[in-house]
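Have a look at the structure below before the remarks.
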Amino acid sequence: MVKYLKQAEPASAQDNRVLSERVRAMLDDIARNRDDAVRRYARDLDKWERDEFRVSDTEIDAARRAVSQTFKDDFAYCKKQVTEFAKRQRESLSEFEAEVGEGITLGQKIIPVETVGCYIPGGKYPLISAAIMSVATAKVAGVSHVVGAAPPRDAHGIFPATLYALAESGADEIYAIGGVQAFGAMAYGCVGMRPVDMITGPGNPYVAEAKRQLFGMVGIDLPAGPTEILVIADDSADPALVATDLLGQAEHGPDSPAWLVTTSEKLGREVMTEVERQLVTLPTREIAGVAWNRLGEVAVVEDDDAAIALSDRYAPEHLEVQTRRNDYYLSKLKNYGSLFLGEESTVAYGDKGVGTNHTLPTGRAGRYTGGLWVGKFLKTVTYQKLTPEASQRIAPVIGRMCAAEGMLAHEITANVRVERYAQRRRGGT
């Protein structure tokens, strides 16, 4: 049994349909009218009136001068953490070739995606660290050409720290363009961009829907909509700290859920009191307060296993565990984007540069995928080589399997090899 001390407002299916139809109309417009459509949306939505979308070297140099040395040092630290972890992930993947049966050689190759478009959100907050997570990780994977895109903050273009981050992370081209039109331009190759093979990046519901609709035409990293946090806590947790972490994610936007699952009703009520107390002085209370009031939840469960079961049902993007049995939770939890164990670890660390990637699955997608990592930019492909003897030996088996499926032309491709290699042997004797 689950006892809810607070529940979220139900989602509106009608709102989702309207959003989906709006995004579809925009992408169709961009597919048909290309640059003209992109320029129109950039003017209407981004207030971008300049002819050029691509950022010049002069503008990048100006951004380098605009940011402080402290910011540069902090950025370098975060980039090093993320890229070192990505390199270790890359090193864990390997190519191989093996003989699987006499004369049958099978192999695996790992090939980077050739061209990737990386989007950096810039709505309420310029998510500077997103450049490291996408662009720098793609470069570690060996992607040869990365297109970076971020919305202009004003008539001068991209927020200087974001532009610096894109350049330092290794973007080969950078464009001042935002939202749905950015993804459409990258996918279709508009306003000077080359068409990309894959698009990445978090963002608002429109961005997430654009990625969903473009998937198939191009690859995507994963569904990454409004951010989520779930905290599992028992009576050993500090209610003030739990409340702080819930609000830390709620400030992303009014559509950002913040959930608490606890084995202690007392703690649950204390956390709710703490949230209200902290909202009084929180600088971003106008955003975080709306998110908490609309989408915040506090659920009380019987024991640790019940907490694990409920958390796995939510499959949250960010999952914090603040209990006496953190290792038990680590061994049992299955569905989440990234896990933060103990009060010493908080979502902000993963978001900004402790080393793991912050582009993570939302909307329960953690049931079937993990977050963005170096492997997302790599294709694992296979190959096969057979000797004539092995081909002749396996052909009758494969031919019969083809016939069982009614695929007679397939069967012929196997059977002709039986006779072909038999004739060669007879000719050689």
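I'm told ALA243 meets every condition in (1) crowded, with 18+ Cβ neighbours inside 10 Å; (2) in contact (Cβ under 8 Å) with a residue 40 or more places away in the chain; (3) closer than 28 Å to GLY342 by Cβ except one. Can you identify the failing condition by its number?
So ALA243 meets the others, but not (2).
Give just the number: which of (1) buried (at least 17 other Cβ atoms within 10 Å of the Cβ); (2) out of contact with any helix residue (DSSP H, G or I) (no Cβ under 7 Å at 6 or more places or on another chain); (3) under 27 Å from PRO316 (Cα atoms) does PHE377 not satisfy?
Of everything listed in (1) buried (at least 17 other Cβ atoms within 10 Å of the Cβ); (2) out of contact with any helix residue (DSSP H, G or I) (no Cβ under 7 Å at 6 or more places or on another chain); (3) under 27 Å from PRO316 (Cα atoms), PHE377 misses just condition (2).
Taking the residues in region 341-374 that are without any contact (Cβ under 8 Å) to a residue 24 or more places away in the chain and part of a loop (DSSP other than H, G, I, E, B) as candidates, determine which candidate is surrounded by the fewest Cβ atoms within 10 Å (Cβ to Cβ). Break it down stepwise before answering.
Taking region 341-374 and keeping what is without any contact (Cβ under 8 Å) to a residue 24 or more places away in the chain, we get 341-342, 344, 349, 368.
Subset that is part of a loop (DSSP other than H, G, I, E, B): 342, 344, 368.
On the way: GLY342: 12, GLU344: 8, TYR368: 11.
Per the criteria, the residue is GLU344.
Picking from GLU419, GLU411, which residue would you name as being in a helix (DSSP H, G or I) and either assigned by TED's automatic domain parsing to the domain that holds ALA98 or loosely packed, with under 13 Cβ neighbours inside 10 Å (or both)? Steps first, answer last, please.
Values: GLU411 fails: either assigned by TED's automatic domain parsing to the domain that holds ALA98 or loosely packed, with under 13 Cβ neighbours inside 10 Å (or both).
Being in a helix (DSSP H, G or I) and either assigned by TED's automatic domain parsing to the domain that holds ALA98 or loosely packed, with under 13 Cβ neighbours inside 10 Å (or both) holds for just one of GLU419, GLU411, which is GLU419.
Scan the helices (runs of 4 or more DSSP H) fully inside region 1-99 and keep the ones with 2 or more residues being closer than 26 Å to ILE177 by Cβ, small (Gly, Ala, Ser) and touching a residue at least 40 places away in the same chain (Cβ under 8 Å).
Numbers: elements: 13-33, 35-41, 57-66, 69-91.
Per the criteria, 13-33, 57-66.
Which count do you get for residues in region 165-176 that are surrounded by fewer than 24 Cβ atoms within 10 Å (Cβ to Cβ) and in contact (Cβ under 8 Å) with a residue 40 or more places away in the chain?
First pass over region 165-176, keeping only residues surrounded by fewer than 24 Cβ atoms within 10 Å (Cβ to Cβ): 167-168, 170, 172-173.
From the residues that got through so far, the ones that are in contact (Cβ under 8 Å) with a residue 40 or more places away in the chain too are 167-168, 173.
Adding up the residues that qualify gives 3.
Identify, from the list GLY219, GLY192, GLY203, the residue that is surrounded by fewer than 20 Cβ atoms within 10 Å (Cβ to Cβ) and not in a strand (DSSP E or B).
Numbers: GLY219 fails: not in a strand (DSSP E or B); GLY203 fails: surrounded by fewer than 20 Cβ atoms within 10 Å (Cβ to Cβ).
Among GLY219, GLY192, GLY203, only GLY192 is surrounded by fewer than 20 Cβ atoms within 10 Å (Cβ to Cβ) and not in a strand (DSSP E or B).
Of these, ALA167, ALA171, ALA138, which one is part of a loop (DSSP other than H, G, I, E, B) and in contact with a strand residue (DSSP E or B) (Cβ under 9 Å, 6 or more places away or on another chain)? Walk me through how you get there before you give the answer.
Details: ALA167 fails: part of a loop (DSSP other than H, G, I, E, B); ALA138 fails: part of a loop (DSSP other than H, G, I, E, B).
After applying the criteria, what remains is ALA171.
Among what's in region 80-98 and is among the charged types (D, E, K, R) and more than 16 Å from GLY371 (Cβ to Cβ), pick the residue that is surrounded by the fewest Cβ atoms within 10 Å (Cβ to Cβ). Outline the logic, then answer.
The initial filter retains those residues of region 80-98 that are among the charged types (D, E, K, R), namely 80, 84, 87-88, 90-91, 95, 97.
Filter again for more than 16 Å from GLY371 (Cβ to Cβ), leaving 80, 84, 87, 91, 95, 97.
Working: LYS80: 14, GLU84: 12, LYS87: 14, GLU91: 9, GLU95: 11, GLU97: 11.
So the residue we want is GLU91.
Pick from region 2-53 the residues that are surrounded by 16 or more Cβ atoms within 10 Å (Cβ to Cβ) and within 30 Å of GLY268 (Cα to Cα): which of them is nearest to the chain's Cα centre (by Cα)?
Filtering region 2-53 for residues that are surrounded by 16 or more Cβ atoms within 10 Å (Cβ to Cβ) and within 30 Å of GLY268 (Cα to Cα), the one nearest to the chain's Cα centre (by Cα) comes out as ALA8.
Tell me the residue from LEU230, LEU247 that is in a strand (DSSP E or B), under 29 Å from ALA299 (Cβ atoms) and not assigned by TED's automatic domain parsing to the domain that holds ASP73, please.
Details: LEU247 fails: in a strand (DSSP E or B).
After ruling out the rest, the residue left standing is LEU230.
For THR380, which of the numbered conditions (1) at pLDDT below 95; (2) within 39 Å of the chain's Cα centre (by Cα) fails to hold?
With (1) at pLDDT below 95; (2) within 39 Å of the chain's Cα centre (by Cα) applied to THR380, the lone miss is (1).
Please work out if ALA395 is crowded, with 17+ Cβ neighbours inside 10 Å, without any contact (Cβ under 8 Å) to a residue 60 or more places away in the chain, among the aliphatic types (A, V, I, L, M) and farther than 30 Å from LEU339 by Cα.
Details: crowded, with 17+ Cβ neighbours inside 10 Å: yes; without any contact (Cβ under 8 Å) to a residue 60 or more places away in the chain: yes; among the aliphatic types (A, V, I, L, M): yes; farther than 30 Å from LEU339 by Cα: yes.
The answer is yes for ALA395.
When you check GLY179 against the structure, is it at positive phi, in contact with a strand residue (DSSP E or B) (Cβ under 6 Å, 6 or more places away or on another chain) and touching a residue at least 60 places away in the same chain (Cβ under 8 Å), yes or no?
In short, no.
Out of curiosity, is ASP74 of a type in the set (Asp, Glu), surrounded by fewer than 20 Cβ atoms within 10 Å (Cβ to Cβ) and within 30 Å of PRO254 (Cβ to Cβ)?
Working: of a type in the set (Asp, Glu): yes; surrounded by fewer than 20 Cβ atoms within 10 Å (Cβ to Cβ): yes; within 30 Å of PRO254 (Cβ to Cβ): yes.
The answer is yes for ASP74.
The values are calculated or read from the model by the stated rules, or taken from the named source; none is laboratory data. This is a predicted model, so every value here is computed, not measured. Cβ atoms come from the backbone with ideal geometry, glycine included; neighbour counts cover every protein chain shown.
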